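Undergrad: I'd like to ask you about the structure that follows.
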Amino acid sequence: MAHKKRLIVTADDFGLSLAVNEAVEQAHREGILTAASLMVGAPAAADAVARARRLPSLRVGLHLVMVEAWPTLPAADLPDLVGPDGLIRSDMGRLGLDLAVKPSARRQLSAEITAQFEAYKATGLPLDHVNAHKHFHVHPLIAGRVLAIGRGYGMRAIRVPREPRAVLRAAEPGANPKPALDIAPWAGLLAVRARQAGLLIPDRTLGLAWSGAMTPRRVAGLLRHLPDGLTELYTHPATGGGFPGEAPGYAYAAERDALIAPETIAALAASGAVRGGFSDFA
């Protein structure tokens with residue numbers, strides 16, 4: 001690729017609600033959004049798929065859910081993974097430990113990952129990329145299953161959540177963003193395993209430290225200081241909050257605004273970056 005700067009702008013949680021889906025469509029039609037990651041078992045997944053079919057230039061991938069959301073298989077089939085509320089458990093630390101010590105939990109995990117890939121395949125949408133809710137795919141046991149199972153479904157690219165703090169400081173002078181130390185070692189391991197599997201990964205992923213707070217000013221600042229190479233910038237846009245499964249404190253509408261703001265569009269144009277999905281850069 002001749003262009004020094006390549007950019008993928010992703011919306012996570014596509015299908016979580018109509019508010020999310022509407023913002024994804026608006027941000028793709030009017031703004032800089034190039035890709036969206038689909039939660040196949042979420043309440044508005046069918047609406048998301050219908051919108052994606054109307055937007056052939058929107059690159060869609062699979063947002064695997066292995067924590068804190070709706071499973072694809074019946075809850076009764078996932079006794080080690082699903083809580084009394086019918087959702088996959090939210091206690092990531094304990095869940096990760098259970099996966100390490102319980103063969104039954106690992107079998108259920110493999111079955112659920114497979115079911116989500118199957119559900120995505122059934123949509124008929126090309127599979128642009130794979131990532132996971134709360135970045136839980138960096139867990140080594142989960143990563144191994146995602147890499148093995150995804151191969152059979154044409155997975156060609158995966159998110160590796162590594163964010164350079166220098167870019168954040170340049171984008172917002174005086175900022176002291178908290179590093180993602182809890183996932184950094186596992187993200188590094190995932191990068192090695194993904195490359196060994198022949199998958200495309202971004203050189204960096206922007207959106208971790210300011211997750212839920214990717215304001216127009218911040219996104220424009222990141223674009224003004226975009227490094228060379230392949231960057232994924234991910235967001236959580238919606239037209240508003242108040243829907244099941246929302247993350248407390250997330251500024252959903254501000255993240256939508258960040259994708260369509262004139263200053264964002266101008267900053268992207270000035271950067272000289274070429275936009276696309278993972279499949280455009282594979």
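Undergrad: Going through the stretch 178-201 one residue at a time, which ones are in contact (Cβ under 8 Å) with a residue 12 or more places away in the chain and among the aliphatic types (A, V, I, L, M)?
TA: Result: A180, I183, A184, A187, L189, L190, A191, A194, A197, L199, L200, I201.
Undergrad: May I pose another question? Counting only residues that are closer than 15 Å to H236 by Cβ, touching a strand residue (DSSP E or B) at 6+ places or on another chain (Cβ under 8 Å) and not hydroxyl-bearing (S, T, Y), how many does the stretch 33-60 have? Walk me through how you get there before you give the answer.
TA: So the first thing to find is which residues in the stretch 33-60 are closer than 15 Å to H236 by Cβ, and the list is 33, 35-39, 42, 44, 48.
Okay, now just the ones that are also touching a strand residue (DSSP E or B) at 6+ places or on another chain (Cβ under 8 Å), so 33, 35-39, 42, 48.
Still in the running and not hydroxyl-bearing (S, T, Y): 33, 35-36, 38-39, 42, 48.
So the count comes out to 7.
Undergrad: Hey, does the stretch 127-137 have a residue that's touching a Gly at 6+ places or on another chain (Cβ under 9 Å), among the aliphatic types (A, V, I, L, M) and within 28 Å of P227 (Cα to Cα)?
TA: Among the residues of the stretch 127-137, at least one is touching a Gly at 6+ places or on another chain (Cβ under 9 Å), among the aliphatic types (A, V, I, L, M) and within 28 Å of P227 (Cα to Cα), which makes the answer yes.
Undergrad: Select from the stretch 120-135 the residues that are within 22 Å of A76 (Cβ to Cβ) and surrounded by fewer than 17 Cβ atoms within 10 Å (Cβ to Cβ) and list them in ascending order.
TA: Listed by number, the list holds a single entry, A122.
Undergrad: Looking only at residues in the stretch 150-173 that are over 18 Å from the mean Cα position of the chain (by Cα) and part of a helix (DSSP H, G or I), which one is nearest to S279 (Cα to Cα)?
TA: Filtering first and then ranking leaves R151.
Undergrad: Mind listing whichever residues of the stretch 191-206 are more than 17 Å from D128 (Cβ to Cβ), open to solvent by less than 20 Å² (accessible area, probe 1.4 Å) and not in a helix (DSSP H, G or I)?
TA: Across the stretch 191-206, the qualifying residue is only L206.
Undergrad: I want to confirm something. Restricting to the stretch 1-19 and keeping residues that are crowded, with 22+ Cβ neighbours inside 10 Å and within 9 Å of A48 (Cα to Cα), which single residue is farthest from the chain's Cα centre (by Cα)?
TA: By that ranking, first place goes to S17.
Undergrad: Which one of A157, A184, A166 is at pLDDT 95 or above and either of a type outside the set (D, E) or surrounded by 15 or more Cβ atoms within 10 Å (Cβ to Cβ) (or both)?
TA: Selected residue: A157, the only one of A157, A184, A166 that is at pLDDT 95 or above and either of a type outside the set (D, E) or surrounded by 15 or more Cβ atoms within 10 Å (Cβ to Cβ) (or both).
Undergrad: A further question follows. For residues that are among the aliphatic types (A, V, I, L, M), in contact with a helix residue (DSSP H, G or I) (Cβ under 9 Å, 6 or more places away or on another chain) and open to solvent by 30 Å² or more (accessible area, probe 1.4 Å), tally how many sit in the stretch 66-118.
TA: Total satisfying the criteria: 5.
Undergrad: Restricting the stretch 35-65 to residues that are of a type outside the set (A, V, I, L, M, F, W, C), touching a residue at least 60 places away in the same chain (Cβ under 8 Å) and surrounded by fewer than 24 Cβ atoms within 10 Å (Cβ to Cβ), which is nearest to D91 (Cα to Cα)? Break it down stepwise before answering.
TA: Applying the first criterion (of a type outside the set (A, V, I, L, M, F, W, C)) to the stretch 35-65 yields 37, 41, 43, 47, 51, 53-54, 56-57, 59, 61, 63.
Now restrict to residues that are touching a residue at least 60 places away in the same chain (Cβ under 8 Å): 37, 41, 43, 53, 59, 61, 63.
With the extra rule that they be surrounded by fewer than 24 Cβ atoms within 10 Å (Cβ to Cβ), the set shrinks to 41, 43, 53.
Numbers: G41: 20, P43: 22, R53: 35 Å.
Among those that are of a type outside the set (A, V, I, L, M, F, W, C), touching a residue at least 60 places away in the same chain (Cβ under 8 Å) and surrounded by fewer than 24 Cβ atoms within 10 Å (Cβ to Cβ), it is G41.
Undergrad: Now, a different point. Kindly indicate whether any position in the stretch 77-90 is among the hydrophobic types (A, V, I, L, M, F, W, C), under 17 Å from S37 (Cβ atoms) and free of Cβ contacts under 8 Å to residues at least 40 places away in the same chain.
TA: Yes: the stretch 77-90 contains one or more residues that are among the hydrophobic types (A, V, I, L, M, F, W, C), under 17 Å from S37 (Cβ atoms) and free of Cβ contacts under 8 Å to residues at least 40 places away in the same chain.
The values are calculated or read from the model by the stated rules, or taken from the named source; none is laboratory data. It should be emphasised that the depicted structure is a prediction, and the values quoted were computed from it without experimental measurement. Neighbour counts are summed over all protein chains in view; Cβ atoms, including those assigned to glycine, are modelled from backbone coordinates with ideal geometry. With ligands, DNA and RNA removed, areas are computed over all heavy atoms of the protein, side chains included. Shrake-Rupley method; radii C 1.70, N 1.55, O 1.52, S 1.80 Å.
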